[in-house]
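Shown next, in structure tokens, is the structure this report addresses.
The values are calculated or read from the model by the stated rules, or taken from the named source; none is laboratory data. Source: prediction; values computed, not measured. As a convention, Cβ positions derive from the backbone with ideal geometry for all residues, glycine included, and neighbour counts pool all protein chains shown.
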Amino acid sequence: MKNWLNRDKLSLGLLLGILIPVPVALIFAVLVRLIQVNLLILGETRLINMFLLGIAVNIVLMRYYILKLNFVSTAKGLILVSGILVLIFFLFLKNSNIALPF
């Protein structure tokens, strides 16, 4: 698997850019919910905002591919997917009322 991630391909960047935000957003959502329950903060957290934090992880991954591995094509794929996801967020999902189910 390590060899599969060490390639300079645009398709790898596109694939990582699509697959990484969803599990990261769910991890952020669970952490926020645990903090709310333990500190007795009973505010409503929107899952859509957690998705935006998940997209931000793509930026960290992009920095790793540019600075450490010098894989510019993979980083371009990450930038492209991240930009499209951010545009979709602000155009369509910003005002939606999807809350955490738990």
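Assorted remarks:
- Here region 61-102 is the region considered, the condition is being of a type in the set (Phe, Trp, Tyr) and within 23 Å of Val32 (Cα to Cα), and the residue that is modelled with the lowest pLDDT is Phe102.
To keep it simple, each residue is scored yes or no on (1) over 28 Å from Asn95 (Cβ atoms); (2) without any contact (Cβ under 8 Å) to a residue 24 or more places away in the chain; (3) touching a Gly at 6+ places or on another chain (Cβ under 6 Å).
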residue	(1), (2), (3)
Val22	no, no, no
Phe51	no, no, no
Asn58	no, no, yes
Tyr64	yes, yes, no
Lys68	yes, yes, no
Gly77	yes, no, yes
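- Just so you know, in region 26-47 the residues that are at pLDDT 75 or above and among the β-branched types (Val, Ile, Thr) include one that is nearest to the chain's Cα centre (by Cα), and it is Ile27.
Yes or no, residue by residue, for (1) crowded, with 17+ Cβ neighbours inside 10 Å; (2) among the polar types (S, T, N, Q); (3) not in a loop (DSSP other than H, G, I, E, B):
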position	(1), (2), (3)
Asp8	no, no, no
Leu31	no, no, yes
Gln36	no, yes, yes
Gly77	yes, no, yes
